[in-house]
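Every number in this text was worked out from the coordinates using simple rules, so none of it is lab data. No experiment lies behind these values; they were computed from the predicted model shown. When we count neighbours, we look across all protein chains shown, and the Cβ atoms used for this are built from the backbone with ideal geometry, even at glycine.
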Amino acid sequence: MRFPNESRAYRKARNLLLKEEQQLRAKVKSVAAKRRKLPLGGELQEDYVFQWANDGKVGRNVRLSTLFGDKKTLLIYSFMFGPHWDKPCPSCTSLMDGFDRTWYSVSRNAAFVAIAKAPARKINAWARKRGWSQIPLVSGFKSTYQADYGHQGDTDDDQLAGMNVFRKRGRKIFHFWAAEGSLDTVWPYWNLMDLTPEGRPDIPTPPQDFRPGFFEKHYLD
C-alpha cells in the first residue's frame with residue numbers, strides 16, 4: 001500500500017504499526033471466541049417488569065422475557081439517568097446516540113434494548129430531544145433490575161452504566177455476559193478519536209451540547 005507523496009520513513013513506520021493493528025484485531029477475535037464458549041451464567045430469578053418509554057406505548061408494562069421477541073439473545077444497555085436527574089450522563093448519551101443508529105443492524109441477529117431508572121415519560125422526552133427513534137427504550141423505575149445486576153448504588157439516583165447479555169434456553173433465561181469494566185470497544189467517539197493525530201481529548205466525557213447538572217455535581221465533582 002502506498003499513498004501520494006508519502007516518505008519511506010512513513011511507510012516503514014506505518015507497516016510496523018499495521019502489524020500491531022492486525023495482532024490487535026486477531027486478539028479481539030480470539031477473546032470473542034472465548035466469550036462465546038462461556039458456560040451459562042446465573043438463571044434469571046425474576047421476570048422483571050419494566051415500562052415502555054418509546055412513543056406510542058409510554059408507561060405500558062413489559063416483561064424482560066418479552067424483550068427477546070423472536071431472538072434467543074438479548075442485549076440490555078443500562079444508561080445513567082436517575083429519577084431526579086435533570087439530564088442523563090453525557091457519556092451514556094454519546095453511547096446511546098450510536099446505539100440508536102446501530103440497533104437496526106444488531107436486531108437482525110439479537111434483541112437490543114436500553115434501560116434507565118428514570119420514569120418512562122422522562123426517558124421518552126429525552127429520547128425525542130436526542131432523536132432516538134429506533135432502539136427500544138424501557139424504564140426500570142419500578143424494578144430492582146439495575147440494583148440486582150450491579151448498575152445502581154445505595155439509592156435510585158446512584159446509577160452506573162453497563163451492558164448485560166442474556167440467553168434464552170427453552171423457557172429459561174440465563175445471564176451470559178456483562179461488561180465488567182469499560183465499554184470503550186463499542187464506543188464510536190473514543191475509537192474514532194484514537195485514529196486522529198491528536199488522539200483522545202483529555203476530557204472526562206465526550207463533548208455535548210447540554211450541561212447535566214446532577215451528573216456534574218454528584219459524579220464529576
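Here are some notes:
- All of (1) assigned to a helix (DSSP H, G or I); (2) farther than 30 Å from residue 70 by Cβ; (3) within 17 Å of the chain's Cα centre (by Cα) hold for residue 127 with one exception: (2).
- Looking across segment 142-153, the residues that are assigned to a loop (DSSP other than H, G, I, E, B), of a type outside the set (Ser, Thr, Tyr) and within 25 Å of residue 110 (Cβ to Cβ) come down to 150, 151.
- Condition met for residue 172 (without any contact (Cβ under 8 Å) to a residue 24 or more places away in the chain and more than 30 Å from residue 17 (Cα to Cα)): no
- Any hit, segment 52-64, residues being surrounded by 21 or more Cβ atoms within 10 Å (Cβ to Cβ), in a helix (DSSP H, G or I), at negative phi and over 14 Å from the mean Cα position of the chain (by Cα): yes
Condition check ((1) assigned to a loop (DSSP other than H, G, I, E, B); (2) of a type in the set (Ser, Thr, Tyr); (3) more than 24 Å from residue 42 (Cβ to Cβ); (4) more than 13 Å from the chain's Cα centre (by Cα)) across all residues:
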{"residue": "105", "(1), (2), (3), (4)": "no, yes, yes, yes"}
{"residue": "132", "(1), (2), (3), (4)": "yes, no, yes, yes"}
{"residue": "138", "(1), (2), (3), (4)": "no, no, no, yes"}
{"residue": "155", "(1), (2), (3), (4)": "yes, yes, yes, yes"}
{"residue": "167", "(1), (2), (3), (4)": "no, no, no, yes"}
{"residue": "174", "(1), (2), (3), (4)": "no, no, no, yes"}
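- Test: residue 183 is at negative phi and without any contact (Cβ under 8 Å) to a residue 12 or more places away in the chain: no
- Restricting segment 126-157 to residues that are surrounded by 14 or more Cβ atoms within 10 Å (Cβ to Cβ) and among the small types (Gly, Ala, Ser), the residue that is nearest to residue 55 (Cα to Cα) is 127.
- Only one of 108, 121 that is out of contact with any helix residue (DSSP H, G or I) (no Cβ under 9 Å at 6 or more places or on another chain), of a type outside the set (A, V, I, L, M, F, W, C) and without any contact (Cβ under 8 Å) to a residue 40 or more places away in the chain: 108
- Any hit, segment 77-100, residues being in contact with a strand residue (DSSP E or B) (Cβ under 9 Å, 6 or more places away or on another chain), within 28 Å of residue 43 (Cα to Cα) and surrounded by fewer than 17 Cβ atoms within 10 Å (Cβ to Cβ): no
- Evaluation of residue 16 against (1) surrounded by fewer than 18 Cβ atoms within 10 Å (Cβ to Cβ); (2) among the aliphatic types (A, V, I, L, M); (3) assigned to a loop (DSSP other than H, G, I, E, B) (one fails), failing number: (3)
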